[in-house]
Amino acid sequence: MLTVGVLAITLSGCLGPIERPVADFTWCPNGYQGNLDYQFTSTSIAAQETWIESMVWEFDDGTPPSTTWDAWHRFEDEGCYHVTLTVTDSRGVPGTVTQVVDVFPAVEVFPNWQLTLGWPIRVTGIIANRADVRLDAVVVKAKFYDTYGVRISDGTVTIDDMAPGEKVAYTIEPPEYSARIFHATVEIDSFVADCGNPWVVPFADDET
(Lines give C-alpha, C1' and ligand atoms only; values in the text may rest on other atoms or scores of the structure.)
Protein backbone atom coordinates (compact mmCIF):
# COMPACT_ATOMS: atom_id res chain seq x y z
CA MET A 1 0.00 0.00 0.00
CA LEU A 2 2.82 2.36 0.87
CA THR A 3 4.61 1.64 -2.38
CA VAL A 4 1.51 2.40 -4.45
CA GLY A 5 0.97 5.68 -2.61
CA VAL A 6 4.53 6.86 -3.23
CA LEU A 7 4.27 5.92 -6.91
CA ALA A 8 1.09 7.95 -7.32
CA ILE A 9 2.68 11.03 -5.75
CA THR A 10 5.77 10.67 -7.91
CA LEU A 11 3.74 10.49 -11.12
CA SER A 12 1.67 13.52 -10.15
CA GLY A 13 4.79 15.53 -9.42
CA CYS A 14 6.50 14.57 -12.68
CA LEU A 15 3.55 15.36 -14.95
CA GLY A 16 2.47 18.62 -13.36
CA PRO A 17 -0.38 20.77 -14.71
CA ILE A 18 -0.95 20.83 -18.47
CA GLU A 19 -0.26 24.24 -19.99
CA ARG A 20 -3.05 24.96 -22.45
CA PRO A 21 -2.88 27.30 -25.44
CA VAL A 22 -4.43 30.71 -24.77
CA ALA A 23 -7.28 31.31 -27.20
CA ASP A 24 -8.13 34.91 -28.01
CA PHE A 25 -9.40 36.97 -30.95
CA THR A 26 -10.37 40.41 -32.17
CA TRP A 27 -13.19 41.37 -34.54
CA CYS A 28 -14.06 44.15 -36.92
CA PRO A 29 -16.93 44.95 -39.32
CA ASN A 30 -15.93 44.30 -42.91
CA GLY A 31 -18.80 44.28 -45.35
CA TYR A 32 -17.73 42.39 -48.45
CA GLN A 33 -21.33 42.20 -49.63
CA GLY A 34 -23.40 42.99 -46.58
CA ASN A 35 -23.74 45.47 -43.76
CA LEU A 36 -23.57 42.77 -41.08
CA ASP A 37 -20.33 41.13 -42.25
CA TYR A 38 -17.61 40.73 -39.62
CA GLN A 39 -13.94 39.76 -39.76
CA PHE A 40 -12.51 37.69 -36.88
CA THR A 41 -8.75 37.49 -36.32
CA SER A 42 -7.15 35.01 -33.95
CA THR A 43 -4.54 36.36 -31.52
CA SER A 44 -4.14 32.99 -29.79
CA ILE A 45 -0.84 32.00 -28.18
CA ALA A 46 0.53 28.44 -28.03
CA ALA A 47 2.34 26.97 -25.05
CA GLN A 48 6.13 26.88 -25.11
CA GLU A 49 7.60 24.50 -27.71
CA THR A 50 4.17 23.88 -29.27
CA TRP A 51 2.17 25.49 -32.05
CA ILE A 52 -1.48 26.01 -32.94
CA GLU A 53 -2.62 23.36 -35.41
CA SER A 54 -6.35 24.00 -35.80
CA MET A 55 -9.13 26.46 -35.00
CA VAL A 56 -12.91 26.16 -34.75
CA TRP A 57 -15.15 29.26 -34.76
CA GLU A 58 -18.74 29.13 -33.52
CA PHE A 59 -20.93 32.19 -34.10
CA ASP A 60 -24.00 31.55 -31.91
CA ASP A 61 -26.42 32.05 -34.81
CA GLY A 62 -27.21 28.51 -35.90
CA THR A 63 -24.68 28.44 -38.75
CA PRO A 64 -22.07 25.65 -39.09
CA PRO A 65 -18.69 26.20 -37.39
CA SER A 66 -15.79 27.57 -39.42
CA THR A 67 -12.35 25.98 -39.35
CA THR A 68 -10.40 28.74 -41.12
CA TRP A 69 -7.44 30.34 -39.37
CA ASP A 70 -9.11 33.74 -39.42
CA ALA A 71 -12.81 33.93 -40.16
CA TRP A 72 -15.22 36.12 -42.10
CA HIS A 73 -18.88 35.75 -41.15
CA ARG A 74 -22.19 37.24 -42.21
CA PHE A 75 -24.84 37.66 -39.52
CA GLU A 76 -28.46 37.81 -40.61
CA ASP A 77 -29.70 39.97 -37.73
CA GLU A 78 -28.43 42.62 -35.36
CA GLY A 79 -27.84 41.66 -31.75
CA CYS A 80 -25.32 40.30 -29.26
CA TYR A 81 -23.71 36.96 -30.14
CA HIS A 82 -21.50 34.75 -27.96
CA VAL A 83 -18.72 33.92 -30.42
CA THR A 84 -16.47 31.03 -29.38
CA LEU A 85 -12.98 30.17 -30.64
CA THR A 86 -11.45 26.79 -29.81
CA VAL A 87 -7.80 26.25 -30.73
CA THR A 88 -5.90 22.97 -30.58
CA ASP A 89 -2.12 22.81 -30.36
CA SER A 90 0.42 20.32 -31.69
CA ARG A 91 -0.06 18.07 -28.64
CA GLY A 92 -3.83 17.89 -29.19
CA VAL A 93 -4.49 20.14 -26.18
CA PRO A 94 -7.38 22.59 -26.67
CA GLY A 95 -7.96 26.12 -25.43
CA THR A 96 -11.26 28.00 -25.65
CA VAL A 97 -12.51 31.57 -25.32
CA THR A 98 -15.98 33.09 -25.72
CA GLN A 99 -16.58 36.78 -26.28
CA VAL A 100 -19.79 38.81 -26.69
CA VAL A 101 -19.85 40.51 -30.11
CA ASP A 102 -22.32 43.37 -30.60
CA VAL A 103 -23.42 43.10 -34.24
CA PHE A 104 -24.94 46.17 -35.90
CA PRO A 105 -24.76 47.90 -39.31
CA ALA A 106 -21.43 49.69 -39.56
CA VAL A 107 -22.84 52.14 -42.11
CA GLU A 108 -26.17 53.93 -41.67
CA VAL A 109 -28.20 55.29 -44.57
CA PHE A 110 -30.21 58.23 -43.30
CA PRO A 111 -33.87 57.64 -44.24
CA ASN A 112 -34.51 61.22 -45.46
CA TRP A 113 -32.74 60.73 -48.80
CA GLN A 114 -34.43 62.33 -51.81
CA LEU A 115 -35.14 61.25 -55.39
CA THR A 116 -35.14 64.05 -57.96
CA LEU A 117 -36.91 63.29 -61.24
CA GLY A 118 -36.42 65.17 -64.49
CA TRP A 119 -32.94 65.86 -65.83
CA PRO A 120 -30.72 64.67 -64.36
CA ILE A 121 -32.39 61.98 -62.28
CA ARG A 122 -30.50 61.58 -59.04
CA VAL A 123 -30.70 60.37 -55.46
CA THR A 124 -29.13 62.52 -52.74
CA GLY A 125 -28.69 61.72 -49.08
CA ILE A 126 -26.32 61.17 -46.17
CA ILE A 127 -24.57 58.11 -44.75
CA ALA A 128 -22.78 57.79 -41.40
CA ASN A 129 -19.98 55.57 -40.10
CA ARG A 130 -21.35 53.92 -36.94
CA ALA A 131 -18.28 51.72 -36.39
CA ASP A 132 -15.36 52.53 -34.10
CA VAL A 133 -12.87 52.04 -36.95
CA ARG A 134 -12.15 54.00 -40.11
CA LEU A 135 -13.93 52.84 -43.25
CA ASP A 136 -11.54 52.75 -46.20
CA ALA A 137 -14.32 52.61 -48.80
CA VAL A 138 -18.12 52.43 -48.83
CA VAL A 139 -20.21 51.60 -51.92
CA VAL A 140 -23.74 53.05 -51.82
CA LYS A 141 -26.27 51.65 -54.30
CA ALA A 142 -29.52 53.14 -55.59
CA LYS A 143 -32.00 50.92 -57.45
CA PHE A 144 -34.34 52.72 -59.86
CA TYR A 145 -37.87 51.44 -60.66
CA ASP A 146 -40.80 52.37 -62.88
CA THR A 147 -44.39 52.94 -61.71
CA TYR A 148 -45.09 49.19 -61.84
CA GLY A 149 -42.16 48.34 -59.59
CA VAL A 150 -40.04 46.98 -62.44
CA ARG A 151 -36.36 47.55 -61.78
CA ILE A 152 -34.87 49.63 -64.59
CA SER A 153 -31.26 50.19 -63.54
CA ASP A 154 -28.84 50.64 -60.65
CA GLY A 155 -26.39 53.38 -59.83
CA THR A 156 -23.54 53.39 -57.33
CA VAL A 157 -21.09 55.78 -55.74
CA THR A 158 -17.96 54.97 -53.72
CA ILE A 159 -17.09 57.09 -50.68
CA ASP A 160 -13.52 56.80 -49.42
CA ASP A 161 -11.93 57.24 -46.00
CA MET A 162 -14.73 57.76 -43.47
CA ALA A 163 -13.64 58.38 -39.89
CA PRO A 164 -15.64 56.88 -36.98
CA GLY A 165 -18.82 58.89 -36.52
CA GLU A 166 -18.33 60.85 -39.74
CA LYS A 167 -21.32 61.78 -41.93
CA VAL A 168 -20.92 62.19 -45.69
CA ALA A 169 -23.36 63.41 -48.36
CA TYR A 170 -23.71 61.39 -51.56
CA THR A 171 -25.29 61.74 -55.00
CA ILE A 172 -26.20 58.79 -57.22
CA GLU A 173 -27.42 58.94 -60.81
CA PRO A 174 -28.64 56.06 -62.98
CA PRO A 175 -26.12 55.00 -65.63
CA GLU A 176 -28.57 56.02 -68.36
CA TYR A 177 -31.49 58.43 -68.31
CA SER A 178 -34.99 56.92 -68.51
CA ALA A 179 -38.28 58.80 -68.35
CA ARG A 180 -39.84 55.62 -66.90
CA ILE A 181 -38.02 56.00 -63.58
CA PHE A 182 -40.56 56.80 -60.87
CA HIS A 183 -39.07 55.72 -57.53
CA ALA A 184 -35.91 54.28 -56.01
CA THR A 185 -34.40 52.47 -53.04
CA VAL A 186 -31.02 53.08 -51.39
CA GLU A 187 -28.78 50.57 -49.60
CA ILE A 188 -25.18 49.88 -48.65
CA ASP A 189 -23.75 47.57 -51.30
CA SER A 190 -20.42 46.86 -49.57
CA PHE A 191 -17.67 48.42 -47.50
CA VAL A 192 -14.12 47.83 -46.30
CA ALA A 193 -13.06 48.77 -42.78
CA ASP A 194 -9.54 49.49 -41.57
CA CYS A 195 -9.26 46.29 -39.54
CA GLY A 196 -5.49 46.11 -39.76
CA ASN A 197 -5.77 43.15 -42.13
CA PRO A 198 -8.32 44.03 -44.84
CA TRP A 199 -8.96 41.02 -47.08
CA VAL A 200 -11.25 42.43 -49.72
CA VAL A 201 -12.22 45.60 -51.52
CA PRO A 202 -15.83 46.64 -52.16
CA PHE A 203 -17.40 46.38 -55.56
CA ALA A 204 -20.73 47.23 -57.13
CA ASP A 205 -22.78 44.13 -57.93
CA ASP A 206 -25.48 44.95 -60.47
CA GLU A 207 -27.08 41.54 -60.16
CA THR A 208 -28.39 41.96 -56.58
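Can you name the residue in region 184-198 that is among the polar types (S, T, N, Q) and part of a strand (DSSP E or B) and is also surrounded by the most Cβ atoms within 10 Å (Cβ to Cβ) among such residues? The residue in question is S190. Scanning region 88-114 for residues that are closer than 16 Å to W27 by Cβ and not acidic (D, E) returns V97, T98, Q99, V100, V101, V103, F104, P105, A106. Taking region 75-183 as the region of interest, the strands (runs of 3 or more DSSP E) fully inside it that hold 2 or more residues being touching a residue at least 12 places away in the same chain (Cβ under 8 Å) are 79-89, 94-103, 107-109, 122-129, 135-145, 151-162, 167-172. The residues on offer are M55, M1, and the sole one that is at pLDDT 90 or above, out of contact with any Asp or Glu (no Cβ under 6 Å at 6 or more places or on another chain) and aliphatic (A, V, I, L, M) is M55.
Name the residues in region 60-72 that are at pLDDT 95 or above and either under 30 Å from G165 (Cα atoms) or touching a Cys at 6+ places or on another chain (Cβ under 9 Å) (or both), would you? Those that are at pLDDT 95 or above and either under 30 Å from G165 (Cα atoms) or touching a Cys at 6+ places or on another chain (Cβ under 9 Å) (or both): D60, D61.
Annotation note: of V97, V139, V56, V133, the sole residue that is within 16 Å of the chain's Cα centre (by Cα), among the hydrophobic types (A, V, I, L, M, F, W, C) and more than 30 Å from E176 (Cα to Cα) is V133.
When region 128-158 is filtered for residues that are touching a Phe, Trp or Tyr at 6+ places or on another chain (Cβ under 6 Å) and under 30 Å from V83 (Cβ atoms), the ones remaining, listed by number, are L135, V138, V140. Taking each residue of region 30-54 that is assigned to a loop (DSSP other than H, G, I, E, B) and looking for partners that are of a type in the set (D, E, K, R) and surrounded by fewer than 18 Cβ atoms within 10 Å (Cβ to Cβ) with beta-carbon atoms closer than 6 Å, six or more apart or interchain, yields G34/R74; T43/D24; S44/D24; A47/E19; T50/R91.
The values are calculated or read from the model by the stated rules, or taken from the named source; none is laboratory data. Note that the structure is a prediction, hence the values are computed from the model and not measured. Don't worry about glycine lacking a Cβ; one is built from the backbone with ideal geometry, like all the others, and counts go over all protein chains shown.
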